[in-house]
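The values are calculated or read from the model by the stated rules, or taken from the named source; none is laboratory data. This one's a predicted model, so the numbers in the text were calculated from it and none came from an experiment. All Cβ positions, even for glycine, are placed from backbone atoms using ideal geometry, and neighbour counts span all protein chains on display. All accessible areas refer to the heavy atoms of the entire protein, side chains included, with ligands and DNA or RNA removed. Shrake-Rupley method; radii C 1.70, N 1.55, O 1.52, S 1.80 Å.
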Amino acid sequence: QVQLVESGGGLVQAGGSLRLSCAASGSIFSINDMGWYRQAPGQQRELVATIARRGSTNYADSVKDRFTISRDNAKNTVALLMNTLKPEDTAVYYCNANTVVATPLRRLEVWGQGTLVTVSA
């Protein structure tokens, strides 16, 4: 199977920055889109940013020009640099990957366990 392990969450003051990282491991043949989603208390999970294998990106309007997503295909990692953080960015952030796994070869969508980001006013 495939596992995603996130790191980098924590408590930060408004206006500050955090960098989230996510590493995929397991019987990975390839990884297509990777992304970050978040879920605030009492809210539905929402897309934050995605990045295709070749590097094209997509951002939620609420984070454009503040967050930057990047990936390293050789290391099967994805990162999210979050600048100018706001209290409304407080949420659990989840890493997501659309993978192709081996033995047998098949598509598998995988989620991380989530990492909490808290932005204080």
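Side notes on the structure shown:
- The set of residues in segment 31-76 that are of a type in the set (Gly, Ala, Ser) and in a loop (DSSP other than H, G, I, E, B) comprises 40, 42, 52, 55, 56, 60, 62, 74.
- Scanning segment 1-48 for residues that are under 14 Å from residue 89 (Cβ atoms), in contact with a Lys or Arg (Cβ under 9 Å, 6 or more places away or on another chain) and surrounded by 18 or more Cβ atoms within 10 Å (Cβ to Cβ) gives 37, 38, 48.
- Filter result (open to solvent by less than 80 Å² (accessible area, probe 1.4 Å), not acidic (Asp, Glu) and not in a strand (DSSP E or B)) within segment 87-108: 87, 90, 102
- Residue within segment 29-39 that is in contact with a Leu (Cβ under 7 Å, 6 or more places away or on another chain) and modelled with pLDDT under 95 present: yes
- Among the conditions (1) under 11 Å from residue 97 (Cβ atoms); (2) out of contact with any Gly (no Cβ under 7 Å at 6 or more places or on another chain), the only one that residue 14 does not satisfy is (1).
- Cβ pairs under 8 Å, 6+ apart, first in segment 39-65 and among the aromatic types (Phe, Trp, Tyr), second surrounded by 10 or more Cβ atoms within 10 Å (Cβ to Cβ): 59/48; 59/49; 59/67; 59/69
- Of the criteria (1) surrounded by fewer than 18 Cβ atoms within 10 Å (Cβ to Cβ); (2) in contact with a Ser or Thr (Cβ under 6 Å, 6 or more places away or on another chain); (3) within 15 Å of residue 2 (Cα to Cα), which one residue 111 fails: (2)
- Looking across segment 56-86, the residues that are open to solvent by 40 Å² or more (accessible area, probe 1.4 Å), more than 14 Å from residue 20 (Cα to Cα) and of a type in the set (Gly, Ala, Ser) come down to 56, 62, 74.
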